[in-house]
Amino acid sequence: MTSNVNFLAKAGLQTLIDNLVSLGYECIGPQVRDHAIVYDVITNIADLPVGIIDIQSPGQYRLEQTGDKNYFRWNNGPQAIKPLVFKPEEPIWSCQKSPDGNLRFEKNMISVKKRAVIGVRACDIAALFLQDKHFLHDHNKDEYYRDRRQELLLIAANCTKSAATCFCNSTGDGPRAHYGYDISLTELADGLLVHTLSEQGENVIKELELRTASQEELAEADSLINEAAEQQRSLPSHNLKDMLFSKLKDARWQQIAERCLSCGNCTSVCPTCFCHSENEKPAMNGEVSQHTRQWDSCFSQEHSYIHGITIRSETQYRYRQWLTHKFGSWHDQYGRCGCVGCGRCISWCPVGIDVTEELNAFANGA
Amino acid sequence: MKPRVAVHKFASCDGCQLAFLNAGEDLLTISTLVELVHFAEAGPVDPDARVDIAFIEGSITTPHDIDRIQRIRKNCKYLVTIGACATAGGLQALRNYANAEQWVPEIYAQPEYIQSLDTSTPIRDHVDVDFELWGCPISTQQLLVVLRDMLSNIKPHIRQEKVCMECKRNQNICVMVTQGSPCMGPVTQAGCGAICPGVGRDCYACFGPSENANTTALANRFEGFGFLPQDIIRRFRFINNNATVYKAEAEKWSAKND
Ligand code: SF4
Ligand code: SF4
């Protein structure tokens, strides 16, 4: 960390939230709901998951109260920032029959709030940058995504522990956030280290009671983050494209398909997956129709439906599509692997299929 | 001339017909777009009228039902089943596993007045069906889509994706992953709005099988959670017990149980 790292007492978090609110931000933060950590509106630090840690394994996610005073000792919940910028479902335009028989199209306008998200992880930021590449490329910027993205202020929390499902160290995306945040926090035993990367971030922290962090505090942060980097899972290598594309006929795809529910939970929780379908919602009178888009998945039948045929009717081809795209052809499309090592697809797969296990098996020719 | 529509009832609870009656303002619109010639629950009664679309609620459980559905089929251009009963035989298809000769006299004082078949079966087993809408009860929203699409002369478009997709779009927290609940969502068709997981309980498959349902992988997972074969059989042998894939999965576990 650089020298402009400051120390903030834990109680100062409340002032941070208050500052955000008075600067006009809607403050989104981690909280416990229905047995998981979710991001939602927050105004009081008492609503943060104090003392909570997440125990994750393939197909399993449990929260545990440790009784300590840490706000950010958990790793992640089912969703990263994706739903805040890429809505699970939203109308994009509507179409109306005019009296003269012509069709009139109208874009759905959205109004966007300034939003600050507290507790964002390094992998979440990496995923957001990947989604930027998809939604904000050159000429075809997605306006809905762009408008929401522009208004985001990101307050990162460096991971001081890893879940058993994490492998960001292997993708190079964590556990420490290096870019993309406005403010970063590293939680120590009795305070937080604060760092900023933007003017907006500076503006938010300028009235906090900060002092320059000591060498000991910096060392404590380093050692915690280094510990978090000791992870149980890893990818066989950075670029798996050639390996995967040489295995298109492997019998393992069918073996996975026997276990896979083709349910799409993995792609829905994946912070980089961006596939969606577009659907028409006609009003009963047949005069108006609303065109909506919604999260879709390469695991659904309609995802590969093209005038009369379903290209990937069997699960083995759907799973192969997910893996070969995410870990293979993303390299051509976006210049890097589509995975940031958050481990969500492992924990939230109802039957506990583990991408790292499958990829290693393919790489080792098993 | 407005398209003529009939809504018929067989063995059922009437809940799917309520999907029409609960349509609110859209019901008024429907009444201006079509002529409702037979819909006993709503008023008009003319069971033998010729119609463009006949909606069928309920399963076939009596000899009289068999005659009736044949007549309806002859009198309509399109036949659409609504709900688990008409589409899969309904909850009452559980009787297909029981011996009617034995239990009917145990329940009814004068069993000679009961004239019923040994089985409860879906409409498809008796006549050609043009479209099947699943659900127990069906969703008003989906019913309106089917009707609207038909009025627009297009094949009704209802996605057969899994409940999980809807559940995740609603940002519900997975009850299987966080609580080890035996959720049927991964093998069940979406359309309900993922209501049950939305309130923290497991889906019980009232919308019937989704496309590409891997019932065996799910049942194996339930077993891994500690459920016994008889518990697993009950998950599949419920509202849509007679739906082909659920029935087959239950039979597999029933063989293990023996
Ligand atoms: S593929 Fe899995 S581990 Fe990688 S970013 Fe997506 S959800 Fe996270
Ligand atoms: S890998 Fe798991 S989460 Fe993904 S579709 Fe298959 S069963 Fe569902």
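Candidates B:152, B:116: the one that is of a type in the set (Gly, Ala, Ser) and within 14 Å of chain A (Cβ to nearest Cβ) is B:152.
For the range B:243-258, the set of residues classified as open to solvent by 70 Å² or more (accessible area, probe 1.4 Å), of a type outside the set (Asp, Glu) and not in a helix (DSSP H, G or I) is empty. If you check residue A:297 against the conditions, is it surrounded by fewer than 17 Cβ atoms within 10 Å (Cβ to Cβ), within 10 Å of chain B (Cβ to nearest Cβ) and more than 22 Å from residue A:168 (Cβ to Cβ)? Judged against the criteria, residue A:297 is not a match.
For the range A:106-121, a residue qualifies if it is open to solvent by 10 Å² or more (accessible area, probe 1.4 Å) and under 26 Å from residue A:50 (Cβ atoms), and exactly one does: A:115. Candidates B:17, B:70: the one that is polar (S, T, N, Q) and open to solvent by 50 Å² or more (accessible area, probe 1.4 Å) is B:70.
Among residues of the range A:247-270 that are outside any helix (DSSP H, G or I), those with a beta-carbon under 6 Å from a residue that is of a type in the set (S, T, N, Q) and within 16 Å of ligand 1 (Cβ to nearest atom) at least six positions away or on a different chain give the pairs A:264/A:297.
Give me the residue from the range A:347-363 that is away from ligand 1 (no atom under 13 Å from the Cβ), open to solvent by 10 Å² or more (accessible area, probe 1.4 Å) and more than 14 Å from every other protein chain (Cβ to nearest Cβ) and, out of that set, nearest to residue B:212 (Cα to Cα). Out of the qualifying residues, it is A:361.
A single entry from A:344, A:336, A:318 fulfils the requirement of being of a type in the set (Lys, Arg) and open to solvent by 10 Å² or more (accessible area, probe 1.4 Å): A:336. Considering only the range B:40-59, I want to know if a residue exists there that is aliphatic (A, V, I, L, M) and over 12 Å from residue B:7 (Cβ atoms). There is no residue in the range B:40-59 that is aliphatic (A, V, I, L, M) and over 12 Å from residue B:7 (Cβ atoms). Does residue B:7 fit the bill of being in contact with a His (Cβ under 8 Å, 6 or more places away or on another chain) and surrounded by 14 or more Cβ atoms within 10 Å (Cβ to Cβ)? Yes: the conditions hold for residue B:7.
Here the condition is being free of Cβ contacts under 8 Å to residues at least 12 places away in the same chain and closer than 29 Å to residue A:4 by Cβ; of A:217, A:207, A:230, A:199, it holds for A:199 alone.
Criterion applied to A:80, A:126, A:163 was being buried (at least 22 other Cβ atoms within 10 Å of the Cβ) and not in a loop (DSSP other than H, G, I, E, B), and the one residue passing it is A:126.
Keeping to the range A:331-346, report how many residues are near ligand 1 (Cβ under 8 Å from one of its atoms) and not in a helix (DSSP H, G or I). Residues in the range A:331-346 being near ligand 1 (Cβ under 8 Å from one of its atoms) and not in a helix (DSSP H, G or I): 6 in total.
Among the residues of the range A:83-117, those that are of a type in the set (Lys, Arg) and outside any strand (DSSP E or B) comprise A:87, A:113, A:114. Annotation note: of B:164, B:183, B:174, the sole residue that is touching a Ser or Thr at 6+ places or on another chain (Cβ under 8 Å) and modelled with pLDDT of 95 or more is B:164.
Considering the range B:139-242, the qualifying helices (runs of 4 or more DSSP H), each wholly inside and each with 1 or more residues that are touching a residue at least 60 places away in the same chain (Cβ under 8 Å) and either within 16 Å of ligand 1 (Cβ to nearest atom) or not charged (D, E, K, R) (or both), run over B:140-151. Any residue at all in the range B:162-169 that is within 8 Å of chain A (Cβ to nearest Cβ) and surrounded by fewer than 24 Cβ atoms within 10 Å (Cβ to Cβ)? Scanning the range B:162-169 turns up at least one residue that is within 8 Å of chain A (Cβ to nearest Cβ) and surrounded by fewer than 24 Cβ atoms within 10 Å (Cβ to Cβ).
The values are calculated or read from the model by the stated rules, or taken from the named source; none is laboratory data. For clarity, every value in this text was computed on a predicted model and none was experimentally measured. Methodologically, a virtual Cβ is constructed for each residue, glycine included, from the backbone with ideal geometry; neighbour enumeration extends over all protein chains shown. Surface areas here come from the heavy atoms of the whole protein model, side chains and all, with no ligands, DNA or RNA. Shrake-Rupley method; radii C 1.70, N 1.55, O 1.52, S 1.80 Å.
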